[in-house]
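Notes follow once the structure below has been shown.
The values are calculated or read from the model by the stated rules, or taken from the named source; none is laboratory data. Treat the numbers as computed from the prediction; the structure is a model and nothing was measured. Here the Cβ positions follow ideal geometry from the backbone for every residue, glycine too, while neighbour counts run over all protein chains shown. When the accessible area is computed, the model is the full protein with side chains, heavy atoms only, and any ligands, DNA or RNA have been set aside. Shrake-Rupley method; radii C 1.70, N 1.55, O 1.52, S 1.80 Å.
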Amino acid sequence: MKSSYPNSSVFLVPLKYGGFARGVVARSAPEGRLLLGYFFGPRLASQAEADVSDIEPSKAILSLRFGDLGLVKGLWPVVGRLPDWNPAQWPVPNAVRRDLLGKAKPILVRYDDNDPSKILSEEALENDIDLPAEGLAGHGFVEAKLTKLLV
């Protein structure tokens, strides 16, 4: 499936109560549908304020794997692409699988740098570490999380 949002695509995520956050497609699974994105503030009042000149990975407020439904449905408009794209500057972050009941040790999960849907390795940890939870976010979750971060 050919994607209309290749790596380096910049898109806008509508926030609850108005405004937008910016996102960048950093990786996409070869068969599509699953993406890795970096997300940025500040809250933009309108689509006309979308600017890609100040976007860099170190300024991201969120990075996660997510489904592409917001993009597929046109709810998240693509507004451009980053110039001079270098995927090495936009790494695929590790994540932690946590047992919500606390009965099992946390698991460090490493993903393939070329395919965010592919797990390369899993390693039991003695203690939890400050990494995002393993999983796949839907577009509604991403919108709610960014709204909370950009209040």
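Within the range 92-114, the set of residues being touching a residue at least 40 places away in the same chain (Cβ under 8 Å) and out of contact with any Leu (no Cβ under 9 Å at 6 or more places or on another chain) comprises just one member, ASN114. When the criteria are applied in full, VAL13 meets the requirement of being closer than 18 Å to GLY140 by Cβ, in a strand (DSSP E or B), β-branched (Val, Ile, Thr) and open to solvent by less than 70 Å² (accessible area, probe 1.4 Å). Number of residues in the range 98-109 that are open to solvent by 80 Å² or more (accessible area, probe 1.4 Å) and either closer than 15 Å to LEU64 by Cβ or of a type in the set (D, E, K, R) (or both): the value is 3.
This table checks each residue for (1) in contact with a strand residue (DSSP E or B) (Cβ under 8 Å, 6 or more places away or on another chain); (2) surrounded by 17 or more Cβ atoms within 10 Å (Cβ to Cβ).
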| position | (1), (2) |
| --- | --- |
| SER8 | yes, yes |
| ALA21 | yes, yes |
| PRO30 | yes, no |
| SER46 | yes, no |
| SER58 | no, no |
| LEU69 | no, no |
| VAL78 | yes, no |
| ALA95 | yes, yes |
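Of all the residues in the range 40-91, those that are without any contact (Cβ under 8 Å) to a residue 60 or more places away in the chain and part of a strand (DSSP E or B) number 2. Kindly indicate whether LEU75 is within 14 Å of the chain's Cα centre (by Cα) and either among the hydroxyl-bearing types (Ser, Thr, Tyr) or at negative phi (or both). Against the criterion (within 14 Å of the chain's Cα centre (by Cα) and either among the hydroxyl-bearing types (Ser, Thr, Tyr) or at negative phi (or both)), LEU75 does not qualify.
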